[in-house]
Each structure stands twice: as C-alpha cells, then as structure tokens.
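See below for the structure under consideration.
The values are calculated or read from the model by the stated rules, or taken from the named source; none is laboratory data. Note that this is a predicted model, so its numbers are computed, not measured. Reconstructed Cβ throughout: ideal geometry from the backbone, glycine too, with neighbour counts over all protein chains shown. Only protein heavy atoms, including side chains, enter the accessible area calculation; ligands, DNA and RNA are left aside. Shrake-Rupley method; radii C 1.70, N 1.55, O 1.52, S 1.80 Å.
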Amino acid sequence: MYNSKIVGLGSYVPDNVVTNEDLSKIMDTNDEWIQERTGIKERRWVKEHSGDTTTTMGVKAAKVAIERAGIDKDDIDFIVFATLSPDMYFPGPGVQVQHQLGLKTVGALDVRNQCSGFIYGLSVADQFIKTGMYKTVLVIGSELHSRGLDKTTRGRAVSVIFGDGAGAAVLTRTEDTAKGVLSTHLHSEGEHAEELVVKAPGMATRWVTDILKDNDVNDESYFPYMNGQFVFKNAVVRFSEVIMEGLLKNNLKKEDIDMLIPHQANLRISQFVQKKFGLNDGQVFNNIQRYGNTTAASIPIALTEAWEQGKIKEGDTVVLAAFGSGFTWGSAIIKW
Ligand code: UT7
C-alpha cells in the first residue's frame, strides 16, 4: 500500500497587475466596493500579445514544480490538468502539456470542475498512486479568465473577481502511509449548475451554424453568470462540511489543523470558515488580495506561496478545501 506525497510545487502569474482603481476606469465600480465585499485589491490579467495562455502558464508552473521535486521530467507517468478556460474547445490542455514539456507519450486527463478542479485533480492523482498504477503524477490548475470576462458595467459583479494564473504540484509515491495525502472528499450538486455558469458555446440548444450566422454581440451566454449571494451562502456551508468530513475521516480535531488553504473565492468566505474552525491568522493562508479568484489555479498558487514562505513544515497537517461552480466542492487532508 502506498500514499501519494507532494514533492514539488510551482506557480506562475502574468506580470500585468490590474488594480481596482484600473477597473474603475473601464466600468462603474470602485476600490471600496471590491475590497469590502471580496478583499481583492488587485489581480493579474494577461497582456495582449504576451504569449501567455492557460496551457503555457500551466507549463511554466509545472517546470518550477518539477525542478523543485528534483525529478527528471521523464519520471512523470501521468498529467492531470484542471481548468475552465482551456486554450481550445477540444482537445484540452493536458495533451499540450505533454507536448510542450516534451514528455513521453504518458496519459493526460483534463478536469472540468472549476473552483474545485485542483482538489479533484489531486484526488485523481492520489488514487492512481495509491493503487500503484503510477508512481509520479503532475497536477496543474491554470486559468486565463481575463479574455472571457464582460469588462463593462453589465459584467462588473463577476469580472472584478477573477484573475489569471497557474499552479502545479508533483505527487509521487511514498511507502510511509502516515504521510502525504491522507484522504480526499469530493461532492457535487448539479441542481445548481446554472447558478454559476458560462452557457456558451454549448450544444444544448443551438446549432453552431446559427450562432455564427446570428453573430449577436449582445449574447451574454458567453460571459460568466453568478448568483453571488446564493453561491456565497452555499459556499460557507459546504466549505465547513467538507473540512469537517476530512477531519473526522482521519480522527483529527479542529485544533490539529496547522494550515488551511481555502480556495480563494472571497476573503469573507475564508474569514467565515476561519472563525468557524477557531483558527488564527497564521493557520489560514489567503492571497486573494493580490490575485483575485483564479479558480482551479487558486489552491496550487496559494499552496506554493505558503510553502515558499516557510509556512508549511514537515509533519504539518495541511487542509485544502474548495467550493464552486457545479456546484462541486471538496477537501484534501495532507500530512506534510
Ligand atoms: O469561486 C467560486 C465561488 N464563488 C463564490 O463563492 C462567490 C460568492 N459570492 C460573492 O462573493 C458575493 O456574492 C459577490 C462578491 C460576488 C457579490 O457581493 P454581494 O454582497 O453579494 O453583492 P450583490 O451581488 O448583492 O450586489 C450588491 C450591489 C448591487 O447593487 P444594488 O442592486 O444594491 O443597487 C450590485 O449592482 O452591488 C452592485 N455591484 C457592484 N457595485 C460596484 C455589483 N457588482 C459591483 C461592482 N462594483 N463590481
């Protein structure tokens, strides 16, 4: 029996910083509203012609993770790539990572679970390693939101929240089953699929030929829609439930959490969860202030930064938790 262990972490964000003040020049919003409701001060949005894409950002983060893991890229047995903003409709970015990293013809899987994407991806990697099928798996979460946002006042409730970036983790086999990923917990509730959604391009109702013919610039279905308050209310409940589920599964108590890395959806959500679990500021890592919500990339970017800052140490109990579109939510309990 094996466990999987994170042995390398990396992240990449575009250079281009977009402040709340910058946004107030292109839509009817302001720094006070954004900070008060979300905690966000700035985010990164790729610059036109920068060459950054969801895949290339993922590859940059992966290169750092591979180097830090001290492995040869040919040791990677499998790729898992989580994103809601792929470069192409299909194929997904996983295969492009295989090509751009120059890997052997290893399998590549794309995960479509939005904000929970990294935890779903981590769980897939963990299962493959635990069964012995693969020894080393690369998990990437990457998003290029900025090209898909409605950056007018019409879209302000959503567009001020999201940012671009990527994070990656290399997981490998350990025979010490008291260490590494102890358990993962995944959930979904598709009843609420349309509460946080980008509907187009979808095959449910319209022919692509008609979409092209209509060429309707007012078609909002290409932009993200979020029922913010409904999502918020569900998020705080599900975050708490799924963290508790993970703790109970491992006979752990709230007090055993050394570091909680919540998906960076909204600083108010993280603060609610922090209070509920009685954690101090040093036990919860947040960077939404600087990056906004980077969806599938948010946990691996935060995890990387927490590790870089020496906030995660050998033997620590690290809890990851996410909630988002689907609805999907999940947690991972890791003994570092
Ligand atoms: O990562 C996936 C999971 N996502 C989440 O968990 C996000 C959950 N939801 C939220 O974080 C919050 O609901 C938001 C931050 C998205 C919105 O905050 P809210 O307190 O729920 O605001 P609201 O949508 O109820 O809007 C309040 C007011 C409205 O004006 P009226 O109708 O009261 O006059 C909006 O039109 O704020 C207005 N508004 C804005 N004003 C300035 C909406 N967006 C903006 C904006 N700037 N960007």
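Suppose a student asked you for the relative contact order of segment 3-177, using Cα pairs under 8 Å spaced at least 6 residues apart; what percent would you report?
35 percent
Decide, for segment 207-336, between rounded, prolate and oblate: order the square roots of the alpha carbon gyration tensor eigenvalues as a ≥ b ≥ c, take rounded if a/c falls under 1.5, and otherwise choose prolate if a/b is larger than b/c, else oblate.
prolate
Pull up the cross-link candidates among the aspartates and glutamates for K253, meaning alpha carbon to alpha carbon under 12 Å and not fewer than 8 places away within one chain.
By straight Cα distance, K253 reaches E245.
Ranking request for peptides 123-134, 177-188: highest mean number of other beta-carbon atoms within 10 Å first, then the rest in descending order.
Highest to lowest by the protection proxy: 123-134, 177-188.
In units of 2.2 N^0.38 Å, what is the alpha-carbon radius of gyration of the chain?
That ratio works out to 0.95.
Would you compute, from DSSP H runs of 4+ residues alone, the mean residue ellipticity of the chain at 222 nm, taking -39500 (n - 2.57) per run and dividing by the full residue count, rounded to the nearest 500?
My calculation for the chain gives -9500 deg cm²/dmol from helical runs alone.
How would I26, I334 line up by accessible area, probe 1.4 Å, largest first?
Listed by decreasing accessible area, they come as I26, I334.
For segment 251-322, with equal point scatterers placed on the C-alpha atoms only and solvent neglected, what are the log10 I(q)/I(0) values from the Debye formula at q = 0.19 1/Å, to two decimals?
The Debye formula, applied to the Cα set alone, gives -0.71.
Taking a 29 Å limit on the Cα-Cα distance, which of the listed pairs K73/K249; K5/K47; K73/K313; K41/K130; K254/K311 fall beyond it?
Going by Cα-Cα distance, K73/K249; K5/K47; K41/K130 fall outside the 29 Å limit.
Name the residue from L252, M27, P91 whose Cα lies farthest towards the positive end of the charge dipole of the chain, charges +1 on Cβ of Lys and Arg and -1 on Cβ of Asp and Glu.
L252
Do you know the relative contact order of the chain, to the nearest whole percent, from alpha carbon pairs under 8 angstrom that are 6+ apart?
Relative contact order for the chain comes out at 26 percent.
In segment 122-272, if the dipole is taken from +1 on Lys/Arg beta carbons and -1 on Asp/Glu beta carbons about the Cα centre, which of H187, I243, T172 is farthest to the positive end?
T172
Where does each of 162-169, 230-237 land if you order them by average Cβ count within 10 Å, highest first?
Answer by packing, highest mean first, reads 162-169, 230-237.
Calculate, axis by axis, the spread of Cα positions in segment 3-177 along the three principal axes, and write the results as whole Å, longest axis first.
Projected onto the principal axes, the Cα atoms of segment 3-177 cover 54, 33, 25 Å.
Under a Cβ-only charge scheme (Lys and Arg +1, Asp and Glu -1), can you give me the dipole magnitude of the chain about the Cα centre, in debye to the nearest 20?
480 debye
If the label point is 7 Å along Cα→Cβ of E36, which residues in segment 225-251 have backbone nitrogen under 20 Å from it?
Within reach of a label on E36: 228-230, 232-233.
If you look at just the Cα atoms of segment 40-133, how large are its Rg and its Dmax in Å?
14.1, 44
Select from segment 63-108 those chymotrypsin sites (Phe, Trp or Tyr not before Pro) which occupy a DSSP coil region and have at most 14 other Cβ atoms within 10 Å, ordered by residue number.
Sites meeting the loop and neighbour criteria: Y89.
Taking the Cα centre of segment 276-320 as origin and charging only Cβ (+1 Lys, Arg; -1 Asp, Glu), how large is the dipole, in debye to the nearest 20?
Taking the Cα centre of segment 276-320 as origin, the dipole is about 140 debye.
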